[in-house]
Amino acid sequence: MMRQYELVDRVVSYDPVANEDLLNRAYVYATQKHGDQKRASGDPYYSHPVEVAGILTDLHLDTASIATALLHDTIEDTDATFGEIEKIFGKEIADMVNGVTKMSLLELSSADAAQAENFRKLLLATASDVRILLVKLADRLHNMRTLHFISAEKKRQRIAQETLDIYAPLAGRIGMQNFREELEDLAFAEVNVEGRDLIVERLSELKQDSGDMLEAIAYEFSALLGENGIKAHVHGRQKRPFSIWRKMQNKSISLEQLSDVFGYRVVVADEAACYQALGVLHRNFSYVPGRYKDYISTPKRNGYQSLHTTIIGPNQQRVEVQIRTEQMHEIAEKGVAAHWAYKDKQEDYPDIAKIEPFNWLQDMVAQLKNGGTAEEFLENTKLELFNDQVFCFTPKGRLIAIPRGATALDFAYAVHTEIGHSCIGVRINGLKLPFRTMLKNGDEIEIIRGEEQLPNESWLNHVQTGKARAAIRHALREHEAADFISLGRQMVDNLFAAEAVESDDNVLDRALGVLSYSSLDDLLEAVGRGALSAADVLMASLPKKGRRKRDRFAGAMRSLIGRPDKLSDNGQMLPLNGAFYGTVVKVAEGFFPLPGDEIVGIVTPGQGVVVYPANARELAAFDDSRERWVPMQWGEESNQLFASRVHLTAVNRTGSLSVITQTIADFDANITNLSMIHLNEDFCDLTVDVEVRDKEHMEQLVSALQGSRVISEAKRIIFGGSEEN
Ligand code: MN
C-alpha cells in the first residue's frame with residue numbers, strides 16, 4: 001500500500017501547488033474512519049481508497065479528486081456524514097464524495113439488464129462533475145484488480161458482468177482506453193475463463209511463429225519514416241484478449257483464422273507529419289481497402305483523434321497502424337481525464353481544453369443522440385440517450401427515472417400512488433419547495449404527506465406523467481362518487497322526513513330490488529346524479545301506500561317551493577355549502593346567488609343538482625316536473641367565498657380602474673375577472689366578477705362603489721344577462 005507521503009509526493013510532482021495539508025487530512029481521516037475494517041484480501045480497508053487515489057495520480061488529477069478518492073467509501077461504510085465531510089473538507093469535495101456514494105448505492109440493485117441500462121445512463125446523467133465519474137471508475141478498477149480475493153463465485157461473476165456491461169463501455173465512452181482495456185480483461189478472466197485461456201494460448205503460438213517480429217516491424221517502420229525525414233516513435237503491441245474475443249464474436253472468426261493481432265502506434269510531432277507518415281506507409285506496403293479512417297479531421301465523439309489504417313506487413317500479416325501526435329496520444333489513453341488534467345495548459349490543447357469537462361461531456365452526449373458511425377460505437381450502441389429522462393432519488397437512495405419536465409408531484413406518484421395522493425409538500429435536496437417544482441438530474445426528493453390530503457382538480461395542472469394524471473383522475477372520480485352518494489342520501493332523507501317516513505337502510509333496501517340497483521351506494525349515487533328521483537325511491541320503498549303517497553308528496557313539494565323559510569327550522573333543506581358548492585351541486589350558469597338569497601335546486605340528469613335563485617324566471621321551465629325540485633338552503637356560515645358579479649359604469653379617466661380595484665380590495669373581495677363591455681369618451685361599462693362572503697357583504701361593496709367619485713352606477717348582477725328579473 002502506498003504511504004501517505006508517497007501519495008502526496010506523487011500529486012506534488014505533477015501539481016506543485018497541490019494542497020498538501022488537505023491531502024494529508026483526507027488520508028488520516030480515511031484511515032481513522034475505516035479503522036480496523038478489512039478487505040476480502042485481509043488488507044486493512046483503508047488500503048483500498050489509498051490505491052484508488054493512487055490510480056488517479058496516474059491521470060494527474062487535482063487535489064479535490066484525490067481527496068475524494070481517499071474519502072469515497074466513508075459515507076457508505078463508516079459513521080462519517082456528508083455534513084461532517086463538508087465541514088472538514090468543504091462543499092466541493094463533499095458533493096463529489098456524495099456523488100460517488102450515490103453511484104455505489106445503485107450497484108446493490110442493478111441485477112437485471114434494464115436496471116443496468118438505467119444505471120449506465122444515470123452515471124452519465126449524474127456526472128454534474130466529471131471527476132466523480134473518474135473516481136468511480138478508479139474505484140471499480142481497483143475492485144476488479146482485487147476481485148480474486150472474493151470467495152463467493154456468484155458475487156465475483158456479478159461484479160465482473162457489471163464491469164463488462166457498464167463500467168468498461170463507460171470508460172471507453174469518455175475516452176479512457178487504458179481503463180477500459182484493463183477493466184475488460186480483468187472481467188473477461190472472471191466471466192469466461194476458458195475463452196480467455198484459449199485466446200492467450202493462441203496469441204503465444206502466434207508470437208512464437210513470428211519470433212520477435214513485433215519489434216522487427218516497429219524498427220522497420222521507424223527506419224522507413226526516418227529516411228523520409230519524419231521523426232517518429234513507433235510502438236508495437238499485441239491486442240488484448242478481450243478485444244480479440246469481441247472481434248471473433250462480431251465477425252464470427254475462428255481461433256485458427258485469427259491473425260490480425262498486432263497493432264502499431266506511430267507517434268509524430270504534428271498533424272502534418274501524421275499525413276506524411278501515412279503516405280510513406282501506403283507507398284511502401286499494400287494496404288487493406290476500406291480500413292483507412294481519418295479521425296483527425298473528424299474526431300470521434302469522445303475527442304479521440306488519430307489516423308487508422310491496416311497494411312499487409314513484412315510477413316504477409318495484417319497489421320493495424322494508428323498514427324497520431326503526442327497530444328492525441330495522451331487524450332487517446334486518458335480521455336476526459338487528459339482534458340481535466342491539462343486544463344491549465346490551454347496553449348497545448350487549444351481546442352478541447354478550453355471547454356469545461358462537464359460541458360464537453362454533455363456536448364458529446366448530445367452529439368451521440370444524432371448517432372455516430374456504426375463502427376465507432378459498435379460495442380455500446382445500446383446506450384440510448386437520456387435527454388428525455390431525469391434520474392432522481394428517494395431519501396433512501398432508490399433511483400426513480402421520470403420524464404424530463406416532470407414535477408415533484410409526478411415523482412410522488414412514481415414512488416407510490418398513495419404517496420402521491422397524500423402529498424402536501426416536498427423537500428428537494430433538503431429545501432422545502434412547491435410540489436409543482438420541475439425536477440433535475442440527481443435531485444433527492446422527500447415527500448411530505450398529510451393525513452387528510454386528497455387530490456383536487458388543480459393537481460392535473462401540476463403533473464406531466466400519465467401515471468400521475470390517471471391516478472389523480474381516478475381519485476377525483478371516486479371522491480366525486482362519494483359526494484354524489486352523500487348528496488343523494490340527503491335528498492332522500494329530506495323527502496322522507498317531509499313525508500314523515502323513516503328512511504333507515506332497511507326501508508331503503510326494499511327499493512333496491514324494485515329499482516334494480518345492486519347496492520345502496522349505487523342507488524344513492526343515482527339520486528345524487530339526478531338519474532333517479534328521490535320520489536321514486538320513496539314509492540319503491542313503500543309500495544303499499546304508493547298512490548296515495550305520491551299525491552301527498554307532490555302536494556308537499558309544491559307547498560315548499562318559494563317558501564324556504566318554512567322548512568329551514570326542521571333542517572330538511574339541502575345545505576349548499578363547502579363540500580357541495582361548485583362540485584356536485586352547481587350554480588346554474590349565468591346566475592350569481594349568494595348566501596342570504598333564497599335558492600332552489602333542480603335535479604338535472606348527469607349534472608346532479610343545479611341551483612337557481614328562487615325567483616329566477618327560468619324556473620318556470622320546470623313547473624311541469626315538480627318532482628325535480630329540491631328545497632335548498634345555504635350551509636353554515638364559513639370563510640368560504642362565493643362567485644358573484646357586479647356591473648359598473650365608470651368615468652372614463654386615467655386612474656378610474658385603479659380606484660375601482662382598490663375599493664374592491666378594501667372590502668376583502670377577490671376580483672376573478674374584469675371585462676370592459678362598452679366604452680365612449682366619457683364613460684365605460686365594466687363587468688367585474690368578484691368573490692364575496694354573502695349577500696350582505698355584496699351590498700356593502702355595491703354601496704361603497706356607488707359612493708366612489710369615479711363611478712356613476714354600480715349594480716349587483718344575480719341573473720346573468722336578464723336584467724328584468
Ligand atoms: Mn470503493
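Just so it is clear, none of the values below were taken in a lab; they were calculated from the coordinates. As the structure is a computational prediction, the values presented were derived from the model and not from experiment. Note: ideal-geometry Cβ built from the backbone for every residue, glycine included; neighbour counts use all protein chains shown.
Listed values, structure above:
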item: Footprinting exposure proxy for GLU681, GLU184 (fewest neighbouring C-beta atoms within 10 Å first); result: GLU681, GLU184
item: Packing-based exposure ordering (other Cβ within 10 Å, fewest first) of MET1, MET96; result: MET1, MET96
item: Per-peptide average of other Cβ atoms within 10 Å, ordering 133-142, 515-524, 439-448 highest first; result: 133-142, 439-448, 515-524
item: Region 642-724: C-alpha gyration tensor shape, a/c 1.5 cut-off, then a/b vs b/c; result: oblate
item: Footprinting exposure proxy for GLU418, GLU194 (fewest neighbouring C-beta atoms within 10 Å first); result: GLU194, GLU418
item: Peptide ranges 160-170, 217-227 listed from the most packed, as the mean C-beta count within 10 angstrom indicates; result: 160-170, 217-227
